[in-house]
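The values are calculated or read from the model by the stated rules, or taken from the named source; none is laboratory data. If you're wondering where the values come from, they're calculated on a predicted model, not measured in any experiment. Glycine also receives a Cβ, built like all others from the backbone with ideal geometry; neighbour counts cover every protein chain displayed. Heavy atoms of the whole protein, side chains included, go into the accessibility calculation; ligands, DNA and RNA do not. Shrake-Rupley method; radii C 1.70, N 1.55, O 1.52, S 1.80 Å.
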Amino acid sequence: MVYCGVPSKGCASCRAKRTKCDQAAPSCGQCRRARRICPGYRDEQSLAFRDETKTVVLKAQAAKALRGSKPPYATELVEDFNSSNHTSGTLVSINQVTANNQNIPRSFFVPIEQQGSYYFFHHFVCEDPASSIGYGRYLPQIYNLTSSNGELPGIIQAIGMAGLSNMQMSQEPMMVARRKHIAVLRALNSSLQDPKTATTDATFMTVMLLGLYETITGSTPQSLKSWANHIHGAIAIMRMRGREQLQTVVGRHIFAYLRNQIVIDCFQRSAVIPPEVIEWSEYALQLETDIGSRRELAIFPIITRLCTLRCVIAKDTNNDPAVLTIARGIDADLVEWADRFPTWLRYTTELSNDIENVLSGYYHVYPNVWVVGGWNLYRCARILTHEVIERWLSRNLTYDMAQLRQSEAVLSKLNADICASVPCVFGQVDVNGLQTGYSYSPRAATGTWILWPLYLAATMDTATPTTRAWVINQLDKVGRTMGIQQAISLAAVLRAQKEITAWDRFGSGVDEQVDKW
């Protein structure tokens, strides 16, 4: 408690008017003469001493930040950032702030590394995500248990500083991010040599976040190969960790995030899902109690069959009628999965004439933005399934025109639905200026989830020039507003009319496990 001196004994009205108060009871003479209600008097003892605990704590934390140490709790970073008035995910530089107010105390100067941490936790962590596609359920727990000089805080700072650099168009944060990235790689190599640290949650997450770093900084299609290499490295660590990792909630969430990355990688390369991932996903389903997570797990066996089928076709142009039968069965199972999705995770459709932000005259409103990734994974799976059906029919002399027309209609609808999910990612408004149900600024995490679905929508056999041009604009917007360089790189690939990307230049897409199919 801090002694604050002798407080004024006058009533509130007299103090406000700066007039002498006679402190009469039950009301002072000034209030009686003015015919107003006297508000009464303050407790002198409670005013003489003031609780300054919070102020002291804040000053101590600011001083600690100046020394370059890691904040005590990751959740505090999220709360502090979200409670401040940051718009469009952009951080105002400390130099800009001090230029406008020279009287700001030095405790408000935040090192660039600390700004990077704030940026990361604001853009890539949510307190209550409805989907395991995000980091929010487990990353803060792992972060809080690691050393401030560890690889995990280092890659988090590198990602945040790279995002800041892209948003502010400033080279200084990117230079620091690259140095931090190199330091993390060196430290990680040492950790991987030690059996005690090679399989920890922190090491596992660091390797996966290296892939995210490539997404944020990737200015060329070659970064897609680097992203995939980090995913393959995470798979190796996953195998070392064994099935025991699924015994904890945190372990299951880390595994779920990696599984989603593996699916995208296998989609891109027409490869099969690693057998351990298939087996452990079945085991995780037995342990999972969360309804939303169980629904996500339920789609995985269907996607596994799809990846195996596409790998078989990539290995050998197969005209066996069984291919068509299997593809139809996969599509039917995907439809059933969507029909049984919980009501509280479904979306609604709204009409709009906003041709700049809405492609097909409608957009989706989701219960929250974190659900978008799960629905788009389903759409991508159905698109790839119907492309298998169409291409099989085109290779055979006997055409099933009814099936062709059905597949064309389904592909057109799925393409439009992917595009309809984009406005909610940006938190945009409709033609009447009404909010689409969201009051947040777009976060970079949602931008990373939309890259592959948008690219697939633009490169489909049935994609129109209008769709392609719209997708290019959206990818450019993701790059500009969310600081994701890989989005700009993909837009450039599409703008150059290239249908084959770096995804197809590494790996044949054929896995030796395909013979087990």
Members of region 324-348 found to be modelled with pLDDT under 90, surrounded by 11 or more Cβ atoms within 10 Å (Cβ to Cβ) and of a type in the set (Val, Ile, Thr), listed by number: none
Any hit, region 261-269, residues being open to solvent by 20 Å² or more (accessible area, probe 1.4 Å), within 20 Å of the chain's Cα centre (by Cα) and closer than 24 Å to Pro140 by Cβ: yes
Of Thr481, Thr462, Thr467, Thr501, the only residue that is touching an Asp or Glu at 6+ places or on another chain (Cβ under 7 Å) and either of a type in the set (S, T, N, Q) or at pLDDT 85 or above (or both) is Thr462
Of the residues Val410, Val365, Val388, only one is open to solvent by 20 Å² or more (accessible area, probe 1.4 Å), β-branched (Val, Ile, Thr), closer than 24 Å to Ala463 by Cα and at pLDDT 90 or above; which? Val410
Restricting attention to region 368-385, and to residues there that are open to solvent by less than 10 Å² (accessible area, probe 1.4 Å) and of a type in the set (S, T, N, Q), which single residue is farthest from the chain's Cα centre (by Cα)? Thr385
Answer yes or no as to whether Ala158 is closer than 30 Å to Trp280 by Cα and either touching a strand residue (DSSP E or B) at 6+ places or on another chain (Cβ under 6 Å) or part of a helix (DSSP H, G or I) (or both). no
Tell me which residues, restricted to region 393-407, are part of a helix (DSSP H, G or I) and surrounded by fewer than 21 Cβ atoms within 10 Å (Cβ to Cβ). Leu393, Ser394, Arg395, Met401, Ala402, Gln403, Leu404, Arg405, Gln406
Being out of contact with any His (no Cβ under 8 Å at 6 or more places or on another chain) and over 18 Å from Trp449 (Cβ atoms) narrows Arg379, Arg328 down to just Arg328
Inside region 161-183, can you point out the residues that are surrounded by fewer than 24 Cβ atoms within 10 Å (Cβ to Cβ), aliphatic (A, V, I, L, M) and outside any loop (DSSP other than H, G, I, E, B)? Met167, Met174, Met175, Val176, Ile182, Ala183
Given (1) open to solvent by less than 40 Å² (accessible area, probe 1.4 Å); (2) in a loop (DSSP other than H, G, I, E, B); (3) touching a residue at least 60 places away in the same chain (Cβ under 8 Å), Asp461 misses just (1)
Tally time: how many residues in region 331-346 are in contact (Cβ under 8 Å) with a residue 40 or more places away in the chain and part of a loop (DSSP other than H, G, I, E, B)? 3
